Amino acid sequence: MGVGDSPSQAPMPASYAKYHSPYFTPEMVERLSERQRGKLSITQEEKQRQQACGFIEAIGSKTGFPRKTIATAQNLYHRFHLFFSRKDFSYHDVSLAALYVSTKMHDTLKKPREILMVSYAVRFPELAAKSKSVAGEVDMDPATVEHDRQRLLAVERLMLETICFNFTSRMPFPYVIKICRGLKVPKQMSKLSWRLAIDSFRTQVNLMFPPHVVALACIYLAALLITFEQDLSEIVIEPGCRNPQEIIMLFCARGEWERQYKAHLEDLHEIAHFIIDLLTQGAQNPQATTSPSTPSSPHPNRNPHSNVNPQALAPIPYKPDQLMRLKIAMRETEPAPRVRDFPGWDEFEADMEASVLGRNEGTVRFLFSPPYSANYENDPIEFQRGGRYGVEAMQF
């Protein structure tokens, strides 16, 4: 099947309006992912997802892209495979297209050929070591490079359709900083919260929840990881900062903080479990994770063809059995997952969304805002009570 072909054989309507959906419910993500998974098992799908995220991380680090560019590319990769089958696209092609679109979204633009040359160095390190080029470029057949460039641009077009050509991208990182300052979180815990926010983009949580909710969940999980079965005397708490246990007590029960931060207790726990599962995989197989060893973004002046291994990791200080005990402890006290409905989406709409993309038939109007955004603007708090998240995030 060609890059521009649709995986669905459903008849194309003469005219169709596709609204940009900034977030999906977990049920929608699971349903759409199952459609595109094909014959792959859930384990195989997750392995491919982590390979793609690692590939994006490696290229982004070598190129010197800021964290927001890398994180957005990973999120674009996840979104792409809600609508396009995994068996029809190489994760290399989709990853490179995601990175290229992300550079446009964040004004860190690189030409497709530049991204491709760095990707060759990542994919074929033995050829990069033998390269005689002053810039360190891998010697590739020009015809191969041009073919790969055309594939990248073809997938880019499909990826732009999945986001309805909406280049808006909101990141949890500014919220991590602002909330940590507001709560007077210790520096050690703030750094861990930042790293967890980075890791969150290797899961699908940023397709399901707004960035401020993801940031809150990362801060809550950081407090749990620092204190659970740990020697509390080793925690460094600067003067004027709060104890991590106080943060846990704040976010483990309902309270005024839910309205203050426009978040829900259930969502924090759900996001925490997604990230714990990711950490468990990393603890079981350290080569499968690509989380950076520090919370800082890649240095902008780094030589993209240097021999530094961007996937080198700091050892994960948590063991799989310890993380499993943490999950069990959380399950004993946490509330049931929140039921979230999604206006304007049913099974027919989900099927139609997946069938109209990538086809050169009929007329598709790509609209930047979802049809429910007006309701959100009228009453954002009441709108969230109904189980929906609007386009705009909270302001501090």
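Exactly one of (1) open to solvent by less than 40 Å² (accessible area, probe 1.4 Å); (2) at pLDDT 90 or above; (3) not in a loop (DSSP other than H, G, I, E, B) is unmet by residue 324. Its number?
(1)
Does the stretch 235-258 hold any residues that are farther than 23 Å from residue 327 by Cα and loosely packed, with under 14 Cβ neighbours inside 10 Å, and which are they?
236, 238, 239, 240, 256, listed by residue number.
Which ones in the stretch 327-361 are of a type in the set (A, V, I, L, M) and modelled with pLDDT of 80 or more?
Once the filter is applied, which keeps residues that are of a type in the set (A, V, I, L, M) and modelled with pLDDT of 80 or more, the stretch 327-361 yields 328, 329, 330, 336.
Checking the conditions here, which among 202, 181 is modelled with pLDDT of 90 or more and part of a helix (DSSP H, G or I)?
181
Here is a check on your reading of the model: is residue 283 under 28 Å from residue 68 (Cβ atoms), within 25 Å of the chain's Cα centre (by Cα) and modelled with pLDDT of 90 or more?
No: the conditions fail for residue 283.
Being basic (Lys, Arg), open to solvent by less than 30 Å² (accessible area, probe 1.4 Å) and closer than 29 Å to residue 30 by Cα is the filter; apply it to the stretch 60-108 and report the residue that is nearest to the chain's Cα centre (by Cα).
79
Can you tell me which residue within the stretch 109-127, out of those that are in contact (Cβ under 8 Å) with a residue 40 or more places away in the chain and open to solvent by less than 30 Å² (accessible area, probe 1.4 Å), is nearest to residue 55 (Cα to Cα)?
Within the stretch 109-127, the match that is nearest to residue 55 (Cα to Cα) is 119.
Within the group 133, 21, which residue is open to solvent by less than 50 Å² (accessible area, probe 1.4 Å), outside any helix (DSSP H, G or I), over 18 Å from residue 207 (Cα atoms) and at pLDDT below 90?
133
The values are calculated or read from the model by the stated rules, or taken from the named source; none is laboratory data. Because the structure is predicted, anything quoted here is derived from the model rather than measured. Cβ coordinates were reconstructed from backbone atoms using ideal geometry, including for glycine residues, and neighbour counts include every protein chain displayed. For accessibility, only protein heavy atoms count, side chains too; no ligands or nucleic acids. Shrake-Rupley method; radii C 1.70, N 1.55, O 1.52, S 1.80 Å.
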